[in-house]
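Below is one structure, written out as structure tokens, with a few remarks after it.
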Amino acid sequence: MKRFFLFPVTLAAIGFCGVVSAQGYVGGQVGASRSDYDCNKLGDSCDKSDTAFKLYGGYKLTPEWALEVAYSDLGKTKVTEGTDSFDVEHTSFGFGGAYHLAFNTDWNGVGRFGIARNKAKAPGTSTSKTEPYLGLGVGYVLSKELTLIGSWDWTRFEIKDPDSGATEKSKANSFSVGLNYAF
């Protein structure tokens, strides 16, 4: 019972302390994504790479720690089976923490971790599942408000075959660049 009580009190204390140094930010990135589906289980062959983009916003509780929300479109996996083809689309909506570290006045880094509601959609089927996500980024400060950032993000997806009910799982990676605006 003591641990249950201490958790909300600790969160409130962190939030109160963060009000002094609070800083909001938003960002957008675009890049490449890659899934690792076993193409033989989905069809004859597949193209696992596509374009990805991410929109996110965060609120710094301290100069280092922040809470973030993010929406990512991790592109499509194009599956070919005989003369037919179809796409498996991947989207993700996540919430988590971010740890920001200034290397010097021009360069900084960020580590992200949290949970995401991931959706894989193909003709006749759609599978949503809550999965962990991780990310690492490096930024170059252009001005007090604007940072150029490059990131790697990772999460997992799964898709169910509507006919057989079989599940195929995939890890998805994205590499992207974009801008972060602090306010």
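The values are calculated or read from the model by the stated rules, or taken from the named source; none is laboratory data. These figures come from a predicted structure and were not determined experimentally. Cβ: placed from backbone, ideal geometry, glycine included. Neighbour counts: every protein chain shown. SASA here: full protein model, heavy atoms, side chains in, ligands and nucleic acids out. Shrake-Rupley method; radii C 1.70, N 1.55, O 1.52, S 1.80 Å.
Things to note:
- Extension reserve of the GLU64-ALA182 stretch, reckoned as 0.36 nm per residue once the Cα distance is removed: 41.1 nm
- The Cα-based radius of gyration and maximum Cα-Cα distance (Dmax) for the range 61-145 are 17.6, 55 Å.
- Relative contact order of the range 81-174, pairs being alpha-carbon contacts under 8 Å that are 6 or more residues apart, as %: 22 percent
- In this structure, GLU145 and ASP84 have a Cβ-Cβ separation that, at R0 = 35 Å, corresponds to a calculated FRET efficiency of about 0.10.
- At most 11 other Cβ within 10 Å, DSSP loop - chymotrypsin sites (Phe, Trp or Tyr not before Pro), the range 42-80: none
- Surface analysis of the chain yields an accessible area of 59 Å² per residue, using protein heavy atoms and a 1.4 Å probe.
- Total charge dipole magnitude, the chain, about the Cα centre, Cβ charges on Lys, Arg, Asp, Glu only, Debye to nearest 20: 780 debye
- Near ALA66, once Lys and Arg are set to +1 and Asp and Glu to -1 for all other residues with Cβ below 11 Å from its Cβ, the sum equals 0.
- Looking at the range 134-177, the GluC sites (Glu not before Pro) that sit in a DSSP loop and have at most 16 other Cβ atoms within 10 Å of their own Cβ are GLU145.
- Put THR155, THR91 in order of accessible area, highest first, and with a 1.4 Å probe you get THR91, THR155.
- Percentage relative contact order, the chain, counting C-alpha pairs under 8 Å, at least six apart: 21 percent
- Neighbours of TYR25, meaning other residues whose beta-carbon lies under 14 angstrom from its beta-carbon, give a summed charge of +1 when Lys and Arg score +1 and Asp and Glu score -1.
- Cross-link pairs LYS144/LYS171; LYS60/LYS160; LYS144/LYS169; LYS60/LYS171 - those with Cα-Cα distance over 31 Å: LYS144/LYS171; LYS60/LYS160; LYS144/LYS169
- For the residues PHE157, PHE93, a 1.4 Å probe over the protein chains yields an accessible-area ranking, largest first, of PHE93, PHE157.
- Spatially, the range 27-46 and the range 109-163 are offset by 13 Å when compared through their Cα centroids.
- Placing a label point 7 Å from the Cα of SER128 along the Cα-to-Cβ direction, the residues of the range 87-112 with a backbone N closer than 20 Å are 88-96.
- Neighbours of THR155 by Cβ distance under 13 Å: Lys/Arg scored +1, Asp/Glu scored -1, total +4.
- Percent accessible area from carbon and sulfur atoms, the chain, protein chains only, probe 1.4 Å: 63 percent
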